[in-house]
1. In the set 316, 240, 282, which member is at pLDDT below 90, closer than 26 Å to residue 133 by Cα and crowded, with 18+ Cβ neighbours inside 10 Å?
2. Of the residues that make up the range 302-309, is at least one more than 30 Å from residue 31 (Cβ to Cβ) and out of contact with any strand residue (DSSP E or B) (no Cβ under 8 Å at 6 or more places or on another chain)?
3. Out of 115, 45, which single residue is modelled with pLDDT of 75 or more, under 25 Å from residue 32 (Cα atoms) and part of a helix (DSSP H, G or I)?
4. Exactly one of these conditions fails for residue 3: (1) over 23 Å from residue 121 (Cβ atoms); (2) loosely packed, with under 14 Cβ neighbours inside 10 Å; (3) modelled with pLDDT under 95. Give me its number.
5. Sort out which residues of the range 75-89 are exposed (fewer than 12 other Cβ atoms within 10 Å of the Cβ) and either under 27 Å from residue 16 (Cα atoms) or modelled with pLDDT of 85 or more (or both), and write them in order of number.
6. Has the range 10-31 got at least one residue that is at pLDDT 85 or above, in a strand (DSSP E or B) and either within 23 Å of the chain's Cα centre (by Cα) or surrounded by fewer than 12 Cβ atoms within 10 Å (Cβ to Cβ) (or both)?
7. Can you confirm whether the range 258-279 contains a residue that is closer than 21 Å to residue 144 by Cα, modelled with pLDDT under 90 and in contact with a strand residue (DSSP E or B) (Cβ under 7 Å, 6 or more places away or on another chain)?
């Protein structure tokens, strides 16, 4: 191991899975630098000389790090923050609040160019996830899943109630958030709301009663024998079966479980053929890590739902003793 090179971890404060991974790096005496979302990285210096050699140096608190000294990167959460959202940084020469806001927004866009360059540069070294993974859309995932011969739910994106009902042939269907948004449907003064972490079972009658709603994604409701959460890391799968159909409150979405009424879970081994298809999916999406959600139907089919590149995994460790944090730390070292 090259001892003068460090592992770079980009995360957030009070992020428990990050802490667990770093415990292994400490135990193995692997040097690392952790940058949290609220750390202001400055000064930053990027130098290109006449030989087209590049030197990138990041400074924050009492730490200093050159990109050439980074052996591996784990993007866990948050971002590299090169700019504090503080109007006072613009000085007293700009008196108008509106003008200050304009200059601040302009400067933020300038800094984002540098941030994006740094993220691209970090892809050149061994890494687990990247900031750009946050931009991966569910629609792109579904398109690639079909290419990889994975079964998916029939899906429509629309704000035309009649067209949606016709698409599903009068059967019930699910609303699924396309991003971390809130879904609102207005009808006679009432409103539906759905956060990004849950699904809503919608009946054709209910949707047709809504006067208007935003462009939204709807999927067919698929009967389940159980659900599967599988954590993927560089070709390895850590999978668990979630018996949500035995839990009345979690039949539509297993995440609707409560501490008082949790789902029963078990370690699960995906068939080799399914792991091959999912590996192909992850490669097509340029992901080396992520949490995959699937359905196992009563007829014995696996149905791909989505992959969260920055998904939680510490709860899987507690329930199934996977020690995923050790595997991540081992990849980083």
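The values are calculated or read from the model by the stated rules, or taken from the named source; none is laboratory data. This structure is a prediction, so every number in the text was calculated from the model and none was measured. Here the Cβ is made from the backbone with ideal geometry for all residues, glycine too, and neighbour counts use every protein chain on show.
1. 316
2. No; the residues of the range 302-309 include none that is more than 30 Å from residue 31 (Cβ to Cβ) and out of contact with any strand residue (DSSP E or B) (no Cβ under 8 Å at 6 or more places or on another chain).
3. Unique residue meeting the criteria: 115.
4. Just one mismatch for residue 3, condition (1).
5. Scanning the range 75-89 gives 84, 85.
6. To start, the set of residues in the range 10-31 that are at pLDDT 85 or above comprises 10-31.
If we keep only those that are in a strand (DSSP E or B) as well, we get 10-11.
Filter once more, keeping what is either within 23 Å of the chain's Cα centre (by Cα) or surrounded by fewer than 12 Cβ atoms within 10 Å (Cβ to Cβ) (or both): 10-11.
Yes - at least one qualifying residue is present in the range 10-31.
7. no
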